[in-house]
Structure formats: C-alpha cells, structure tokens
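Trainee: Before we start, here is the structure in question, set down as structure tokens.
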Amino acid sequence: MNWELIVIGAGPAGLAAALAAYDKGLRKIAIIERDRYAGGILNQCIHNGFGLHRFKEELTGPEYALKFIDRLRDTTIELICDTMVLHITPDRQVHTVSAEKGYQVYSASSIFLAMGCRERPRGAISIPGDRPAGVFTAGTAQRYINLEGYMCAKRVVILGSGDIGLIMARRLTLEGAKVLCCVEIMPHSSGLARNIAQCLKDFDIPLYLNHTVTDVTAANGRVSSVTVSRVDANRAPIPGTEMVFDCDTLLLSVGLIPENELSREAGIEIDPRTNGPFVYENMETSMKGVFAGGNVVHVHDLVDYVSEESAKAGEGAARFVSSAENADEAYIRMLNGDNVSYTVPQRIRPGRLEGSVKLFFRVRSKLGASVIKVSDASGQELASFKRLSMSPGEMENIFLPKEVFQKARGDISVSASEA
Amino acid sequence: MYDVIIVGCGITGAAAAFALSRYKLSVLVLEKENDIAIGATRANSAIIHAGYDPEPGTLMARLNVRGCEMAAELCAQLDVPYKNCGSLVLAFDDNDVKSIRALYERGVQNGVKRLELIDSRRLRELEPCVSDKAVAALYAPTSGIVNPWEYALAMAEVAALNGVKFLLSHPVTYITGQLGGFTVTSCGEQFNARYVVNAAGVDSAAVHEMVAEKAFTIKPSRGDYFLLDKSEGSRAKHTLFQCPGPAGKGVLVSPTVHGNLLAGPNAVSCLDAHRVNTTAEGLAFVKTHALKSVPGINFRDTIRSFAGMRANSDRNDFIIGFPVPGFLDLAGIKSPGLTCAPATGEYAAGLLEQHGLELVKKDSPVTARRKIRFKELSIPEKQRLISENPLYGRVICRCETITEGEIVEACHSPIPPVSVDGIKRRAGTGMGRCQGGFCGPRVLEILCRERGISPLEALKDGEGSVILFNETKAGGRA
Ligand SMILES: Cc1cc2nc3c(=O)[nH]c(=O)nc-3n(C[C@H](O)[C@H](O)[C@H](O)COP(=O)(O)OP(=O)(O)OC[C@H]3O[C@@H](n4cnc5c(N)ncnc54)[C@H](O)[C@@H]3O)c2cc1C
Ligand SMILES: Cc1cc2nc3c(=O)[nH]c(=O)nc-3n(C[C@H](O)[C@H](O)[C@H](O)COP(=O)(O)OP(=O)(O)OC[C@H]3O[C@@H](n4cnc5c(N)ncnc54)[C@H](O)[C@@H]3O)c2cc1C
C-alpha cells in the first residue's frame, strides 16, 4: 500500500501535521510512533502552561496532546504505535520495526519528520570527577518521577537553567526533595522568564549565573558532593571560588539536540546552526516531498509554535501530494546578522509564497530595548521591528510580507541590536 | 576442595579461567565487585598492541606478540568486536624519528611482523586527517582494536559454560595454607583450593601479601579519556600514537570498534587506586596532545569522558610467578595487559601444570560463543528473528538500535548482570550519543522484571549505586 503521507513521531508536531494534511484533503495518512502512546514528550510534562497562545487556556502537557489525539478518531489517519522507524530513503521508503508486525517497509508520496529532540548528556560538557549513580538529565528524571512514579533524588544540584531543569526544580521540591541551587555558566538563563519566576524564585532556590560544576565526587556508588565554581568572561572556572554542595543528585539541563539520525542518513541537508534540516517556507527539507517541523527542526520553548509550524508543513505536504508542486525553484537564503544565532525557515522560494512568512529566530545574548533589522545583500533595509527586550532563552518571531522577498536583491540577513 | 581459585576477574582472571576451563578441573573465581571486568579492563585504550613497545627479553614482550597473534582468531571464535586497523607512531621532529627507529628495532627483535618505517607522503595516504607537522611514522599493520570488557566477558562466559564457578561481590580478605591446601576467606565464607591464582589488578600486591612476603609495590597511574560521537569516528583510520616518553605511551587518537573516536590517556600517579575520577587538568592535557596528532578533532562532539587506573609497579615487567608453592601471581599487569591476556592465561595454565596441576583435556569443552546483534542482521534475518521472538522487534536503545530481545538475552547470560551498566556491557545499551538518557529507564524496567526485583533495588553499576530512592506521592508504576 502506498501512503499519501507518513508522519514519523506522534508528538505535537506529528499530530498537528497529520491533522492539517487531512484537513487539506489527504486520506491515506499514517503516524508512526516508537512509544506505546501518542503525545511525545508532552506525556511527561504534567505541569501546566501549555496552549496559552493557541487555546487561550493553561493546559497540562497530556491535556494539550489530547486535544489533537481526540480529533484523530474522526479521521482516517492511522496511528501505528510501538513501532520504530529505522531508515528513510530518498525515494520515500520508510523502514520500520515492531514486535507485532516485524520488519516492514512502507512507501509514501510524502514524509513528515517529527522525531523531536534529545538531551545533551554529561559527556557532552565533560564535567570532571567520579561517574557514580545520581547524575541524570532533567528529562530522564522527569520520566522517572512523572511516568514511572519513582523519586530519583533527595538533595539536588541542577546544572543548566534550561526549561526542563527549571520545571524539575519545582517538581522535585513538591515531591519533598531539597534543591540546593541551579547553576548556569552563561550570564543569562536559557529558560523562559516565567519558569525562572515560578520554579526557582517562588521556592527560594538560588540561581548562580556565571557558574559551573567543576567536580563530582561519589561515596558508595552514588553522588556525594558537587563542586560549583564561578567562571570568567571566557567561561573558564576561577580557582578559589569553589562552593561544595553535599548532595546525592546532579541534574543536567544543558541543552537539547534535534534528533536527526534518520534525516542525516537519508542525505537531508542539516543546518549546523540548528542541528535540524534546512527548511523552505513550507517546511520542506532539501529532499523533495520530505517535510519537517517541531523540535526536530529547531528546539522550541512553546508547544503552540510547534503545532502552528507543523500544521503549515502538513498543508505543504498535502499540496505537494495533490498538485505535484515539485518544480525546482530559486530561493533566497536567510542569514544570521549581528546577534542572531539562527533563523527558521532558512530558505524562501518567493514563487511559492502566498501570504507572509513567519520567521523564527533566537538572539545570541540578552538585549534591552532593541531593533530587529532585515536587510538584503546590497545593504538595503527591507523591514525593521522593535522589541522591549530579547533573550536567547525565548524564541522570537517576525512576520515578513511577500513584498519583502520580491524587493530583495540576493540573500537576506536578520540582525538585532540595542536601540 | 577446588583445584584452583582465581582471585579477581578482570581480563587476566577471565583469561586464566578460560584457559583452565578446557581441562577436567574444578575452578572457582572470586571477584570483589558485583560484575566482572570493571577494573582496569573496562577503562583503557582498547588497543591490541603489535608488540614493539616492551623491552626485548621481557615476559611482557613475549606475551604481547603472542597475544596480538591470537586476537583475530580468538575474537572471531568468541564473537567479540575486533578490528585489525593497524597503528602508526607519529614522529614530529628528529628526536622522534630516532625514537621510532629504536621502536622499529625493538619490534623486530620482539618478533613483530610487517613493521615499516614510512615517510610523510605514505603517512598521509594512510591517514588523511593527520597533522601536517608529522614527518614520518612507524607503521604496525598487525595492531588492532577490541571491545575490552566484552573480550573479558566472552572468555569468562565460555569458562562458566565449561563449569567454572563465578562468585561476584566476593572480596577475598584472607588466605591461609600452602601448596595442596589453601583456605581463601571471602564474605565470612571459606573456600579451599589446591592452587590460588592472584589476578587482582591494582590490588594484586595486597593479595600477594596475604600469603607471601612483600615483594613489589603497585604504583597506580590514572589516565583520562574522551570518547567522541560516531560523527568524529572517521578522523582516524589507524590507532595514532605519539612517541613514548617516561610517562608511558602518550596520548593516542584511535577509532573504536563501535565506530567512535577515542582520545587519551594522560598519566598521573595516584595514591588512591580506587578513585578513578577524571580531572579538568587531565582532560585539558589530553585535548591539547590529541590535537597535535589530529588537529581537526571536534571535542564538542564528546559523548563521554572517563578514566582508567593502571596497575603499574616498581618492576619493568609483569610479575608472574610463585612466591610460595601453589600460589601464582599474575600481578602488576599493566599495559599491554589487555593484549597479552589470552597468552597470559595460557602461560598461567602451563606454569600451574609445571607445578604439579594435572591438565587433562575435557572431551568436548565449549570453545565458542555467538551473540545476536540485531542491528547487523540482513532484513530477512531480522524478519525471521522477530517472527520467532517478537521481543527482537522492540527497539529499546534508539542510538545503538538494541532490542528488548538482546537485553533479555543478556539478563540470562552465563554470568548474569545485576545492574543497568552490566546490561550495557553485555548488550551495548546506552553506549551511544544520548548515553542512556533515553533507554536507561526502559532498561531498568526490563532488568527488574527479569531479576524479579523492585525498581528501588536496581543499581546503575557497582555496589551501592542505587538509582531510585522511594515512590512518589502518586506511587510507583511497577
Ligand atoms: C521537559 C519539557 C518541558 C516543556 N514545557 C513546556 C511548557 O511548559 N509549555 C510549552 O508550551 N512547551 C513546553 N515544552 C516544549 C514542547 O513540549 C516541545 O517543544 C514539544 O513537545 C515538541 O514537540 P515535537 O512533536 O517536536 O517533539 P516530541 O514531543 O519530542 O515528539 C517526538 C515524537 O517522535 C517519536 N519518535 C522519535 N524518533 C522516532 C522514530 N525513529 N520512530 C518512531 N517514532 C519516533 C518520539 O517517540 C516522540 O513521541 C517543554 C518541553 C520539554 C521537553
Ligand atoms: C589507562 C589505561 C590504558 C590501557 N591501555 C591498554 C591498551 O590499549 N592495550 C592493552 O593491551 N592494555 C592496556 N591497558 C592495560 C590493561 O587494561 C590492563 O593490563 C588489564 O585490563 C589488566 O587486567 P587485570 O585483569 O589484570 O586487572 P583488572 O581489570 O583491574 O582486574 C582486577 C580484578 O580484581 C578484582 N579484585 C581486586 N582485589 C580483589 C580481592 N581482594 N578479591 C576479589 N577480587 C579482587 C578487582 O575488582 C578487579 O575486577 C591499559 C590500562 C589503563 C589503565
């Protein structure tokens, strides 16, 4: 059987894309998910704060996911769980394995990549010291506590101020653990301001900016202490500033990496800035008929944008399948200007544009009142926007009307600077 | 009464057990940790050295060359990942060129085959990413890489299938007696044996002194490593050494059998042989020196850093012999102890025979081992396997594509694992780029199910390394 669309991953990205493609007329759609249930990472995010933009209410992760999962029942979309996608090929064959059906190869007219992301492990930042039990990535601890029902910590130091770490600081405290501090090597937090307030400040948990973990010691196989030091402007630890915390757990919230093993192996071009595929205005990757959205493209802080971006991709896939919209077209590259670390989408085909482009980006450092400038290779300014403040922890977006791309001479760059 | 008790089960003890298991003997292995191969054997460079390093005439030189010759066939027979990738000792200046000439001479004397001194052009053909400052190299095509703990496990598992008994979490604390009747005390229990073999690694001097006069000192020396993602794995095709100095063989850059890149070690003398921690200075040293050999290494793609402890001693050779009749030291087994191991095991069996142990071949001892590696099978083979056992259709470790079938098989292997890392060493889960962040909780669940224990009892690794403390307010799922 040939599927019109195969979606890989049933997190919010996969669900939104499948439903949008269905709404645009596709009927033979399969979502393949390696876990036992749909919902993706949302299933372990039992805190609220999801859906503020999209549904104007504060939902928990599972509630947000259910809004989409419930809709599947009224469609012909097939949800295939407990099935892992092992490979995809440029001719859009999808190789899968499951206990029930064994090794199966499906073919599809289009594919949507929605594999999400994974956490950076301890090794990625080479924290010196012993290697005992009690060092967890924040998401793993979240899984033990929220899905398995077991506490993995009593006295905790958290390294990294990413959102998952912040959420876990609160969660662990509510479960009776003592969170001693949250340590961040950068001069600013990488999490959302609302999480700093609600998860650290409200519980009197200190946040040490410009600090990092410089040693871990063990006693009897488990973490027994963690040493924290201040860092200089080059992020090198300053001798003499050590603080030693007696604890049994070090939680790591040191970044997420889009999960693109499948994409890379298939030969899809990956943007080193995001670690996700380069995508066009309709979220199509460099491989024809293969689309992508959500955390597999770039790490999002808000699920609402994941759904929105993925729905756009689902529509793109539907158009690709029904109107064979697949001619090669010239594109404009979106480049980093000053203070901008990436943009998504990275490539715009002016000929394909209907309305405006919603461009996502992140700034490199914290900025006060500032101006975002969009200009072309000739230096011509195409658009500008004002912000009261910006921070690397919060993804920004701007709307660029179609005319911007018609006016542009050469590639376009986006820059930010304090006004 | 056992014929032989082996104290310690790193690769040396495992190889001795493997060699003895072919004969009609009763053999007991006592290991203080809760798994075998978690001393020096699990944290080292994993190189099968060609044999040009040890001084000619030493036991180390002989066992090294023999061990290297045995590796390919033995690994095939035991289904242990091994690759004959060859090694290069890089020379950066005239002094180094003198050093590699000396190593060449030494290698020839030791009986190393096919050694070659090569110029910079040939070097670059063999190894495109090498620093352009390297002017010449010593090429040893017989050298290789191996999965060290799996090598030890495989020998121990085959020994177990042949009837050797393994008791884990059994530190030997006391030994009395003499030839024909030793009593070995561990965990308050007494075990009797005609012969005792000391394979206790960094603790081999302590075990020696349980029965004999102090004769040597272990001088523990630690080395730090970086293990990099497979995306960096192609930076080196061969093991790339720098010229050896007084502190050892220096920092190397090598591919691993799993396709990753390894960089390390440094060498730091330690007082506490049991604290095997990495340090910021050690890691920084390794980084600088590794970049000298291969300037392009991207250390941002590190997935793990770790350290290993060498059982160096005050002798420049292994300490192998009988300090008292019937008690055999396999002590001070420093590098290249891994390479030597199968030869050391054979040699130990021979020595015991010379000292009166009768070696009568078993009629049909187990000599081989096979493992299912789902990832490496063809599609029809995968299909067949899953239809026979659906557990092979459930992928648990996403980075390395390890299935539940392989994990369950590991749980019921001849020396069953008791921890999440024990499963890692047998099935390969958590070895990949997420380092078990994803599969850890799933492996824990399978471990508990197969062993019939509560998640609260599950260990990450050694004794005491508990993962979970108590149920949450909502209660545990299991
Ligand atoms: C801990 C945490 C807290 C958060 N808190 C908030 C918050 O408070 N508010 C908010 O708005 N947002 C929050 N977010 C962000 C938001 O939840 C994520 O951005 C969103 O879940 C990403 O959706 P996704 O579909 O891209 O990825 P995921 O939800 O990760 O889904 C990916 C799916 O793909 C599956 N998959 C991957 N590879 C394969 C394969 N090879 N074969 C089959 N299936 C595969 C996975 O099993 C998974 O189900 C949080 C995120 C995290 C991680
Ligand atoms: C950094 C480093 C790099 C190296 N690189 C290489 C290389 O590339 N190639 C190579 O060939 N070699 C290398 N080596 C050397 C090699 O790893 C060792 O020689 C080899 O692993 C030693 O094995 P072993 O069994 O003697 O010791 P170990 O593996 O340390 O085993 C000793 C065992 O004895 C147990 N034990 C101790 N005391 C007691 C007791 N009282 N009762 C019961 N059990 C006890 C311990 O728990 C341990 O399991 C390296 C070593 C290091 C540290």
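The values are calculated or read from the model by the stated rules, or taken from the named source; none is laboratory data. Just so you know, these numbers come straight off a predicted model, no measurement behind them. Glycine gets a Cβ as well: all are built from the backbone with ideal geometry, and neighbour counts include every protein chain shown. Areas reflect the complete protein model, heavy atoms only, side chains present, ligands, DNA and RNA absent. Shrake-Rupley method; radii C 1.70, N 1.55, O 1.52, S 1.80 Å.
Trainee: Quick one: Cα centre-to-centre distance for the range A:226-240 and the range A:356-419, in angstrom?
Mentor: 34
Trainee: Check A:S286: other-chain or 5+ apart residues with amide H under 5 Å from its amide H, H built from backbone geometry?
Mentor: Placed amide hydrogens put A:E269, A:F278 under 5 Å from A:S286.
Trainee: Helix A:61-72 versus the longest principal axis of chain A: what angle, 0 to 90°, nearest 10, using Cα atoms?
Mentor: 20
Trainee: So how tilted is helix A:163-174 from the main axis of chain A? Cα-based, degrees 0 to 90, rounded to 10.
Mentor: Result, in degrees: 50.
Trainee: Next question. Which distance in Å, rounded to a whole number, links the C-alpha centroids of the range A:187-201 and the range A:54-108?
Mentor: 33
Trainee: What are the ³J(HN,Hα) couplings of the range A:240-251, residue after residue, when phi is run through the Karplus curve with 6.51, -1.76, 1.60 and θ = phi - 60°? Round to Hz, x for glycine and proline.
Mentor: After applying 6.51 cos²θ - 1.76 cosθ + 1.60, I find x, 9, 5, 10, 9, 10, 6, 7, 10, 9, 10, 9 Hz.
Trainee: For chain A, which whole-number percentage of the solvent-accessible area (1.4 Å probe, protein heavy atoms only) is attributable to carbon and sulfur atoms?
Mentor: After summing per-atom areas, the C and S share lands at 50 percent.
Trainee: With each label point set 7 Å from Cα along the Cα-Cβ vector, what nm distance links A:D204 and B:E55?
Mentor: Using points 7 Å along Cα→Cβ, the separation is 6.6 nm.
Trainee: Any chance you could look up the accessible area of B:E353 with a 1.4 Å probe, heavy atoms only, rounded to 10 Å²?
Mentor: 90
Trainee: Return the long-range amide H neighbours of A:M395 (sequence gap of 5 or more, or a different chain), with a cut-off of under 5 Å between placed amide H atoms.
Mentor: A:D301
Trainee: Report the accessible area of A:C81, computed with a 1.4 Å probe over the heavy atoms of all protein chains in place, in Å² rounded to the nearest 10.
Mentor: 40
Trainee: Name the trypsin sites (Lys or Arg not before Pro) in the range B:368-403 that are in a loop by DSSP and that have at most 10 other C-beta atoms within 10 Å, would you?
Mentor: Counting only loop positions with at most 10 other Cβ atoms within 10 Å, the trypsin sites (Lys or Arg not before Pro) in the range B:368-403 are B:R370.
Trainee: With +1 on each Lys and Arg Cβ and -1 on each Asp and Glu Cβ, and nothing else charged, work out how big the dipole of the range A:121-254 is about its Cα centre, in Debye to the nearest 20.
Mentor: 200
Trainee: For a quick check of understanding: with a 1.4 angstrom probe and all protein chains in place, what accessible area in square angstrom does B:F469 have, to the nearest ten?
Mentor: Approximately 50 Å² of B:F469 is accessible to the 1.4 Å probe.
Trainee: Now, a different point. Please list 3J(HN,Hα) in residue order for the range B:380-395, calculated via the Karplus relation 6.51 cos²θ - 1.76 cosθ + 1.60 where θ = phi - 60°; whole Hz, with x for glycine and proline.
Mentor: x, 5, 4, 4, 4, 4, 5, 5, 6, 8, x, 4, 6, x, 9, 7
Trainee: Mind giving me the nanometre distance, one decimal, between the label points for A:T76 and A:S286, set 7 Å out from Cα along Cα→Cβ?
Mentor: Roughly 3.6 nm, to one decimal.
Trainee: I've got another one for you. Over the whole of A:138-150, what's the average partner chain Cβ count within 10 Å per residue? Rounded to a whole number, please.
Mentor: Across A:138-150, the average partner-chain Cβ count within 10 Å equals 5.
Trainee: Here's a follow-up. Suppose we look only past 43 Å in the calculated P(r) of the protein assembly as shown. What percent of the Cα-Cα pairs does that tail hold?
Mentor: 37
Trainee: So, for the range B:242-308, what is the accessible surface per residue at a probe of 1.4 Å, expressed in square angstrom?
Mentor: 42
Trainee: Still on this model: Using only protein heavy atoms and a 1.4 Å probe, how much accessible area in total is buried between A and B, to the nearest 100 Å²?
Mentor: Counting protein atoms only, the buried area is about 4300 Å².
Trainee: What do you reckon, how do A:E119, A:E418 stack up by accessible area (1.4 Å probe), largest on top?
Mentor: Reading off the accessible areas and sorting them downward yields A:E418, A:E119.
Trainee: Also, quick follow-up: Counting only protein chains, not ligands or nucleic acids, how are A:R387, A:R73 ordered by accessible area (probe 1.4 Å), most first?
Mentor: If we order A:R387, A:R73 from most to least accessible, we get A:R73, A:R387.
Trainee: What residues have an amide H closer than 5 Å to that of B:T302, excluding those fewer than 5 places away on the same chain, when H is modeled at 1.01 Å from N in the peptide plane?
Mentor: B:D229
Trainee: Going by the alpha-carbon gyration tensor, a ≥ b ≥ c the square roots of its eigenvalues, is chain A rounded (a/c under 1.5) or, if a/c is not under 1.5, prolate (a/b greater than b/c) versus oblate?
Mentor: Verdict is oblate for chain A.
Trainee: Taking θ = phi - 60°, what integer Hz values does the Karplus form 6.51 cos²θ - 1.76 cosθ + 1.60 yield along the range B:186-202, in sequence order, with x for Gly and Pro?
Mentor: The phi angles translate into 8, 6, x, 9, 10, 10, 9, 8, 6, 10, 10, 10, 9, 10, 9, x, 4 Hz.
Trainee: So what is the relative contact order of the range A:121-254, in percent, for Cα pairs below 8 Å that sit 6 or more residues apart?
Mentor: 33
Trainee: Let me ask something additional. Just how far, in whole angstrom, is the range A:244-291 from the range B:380-428 if you go by their alpha carbon centroids?
Mentor: Rounded to whole Å, the Cα centres lie 27 Å apart.
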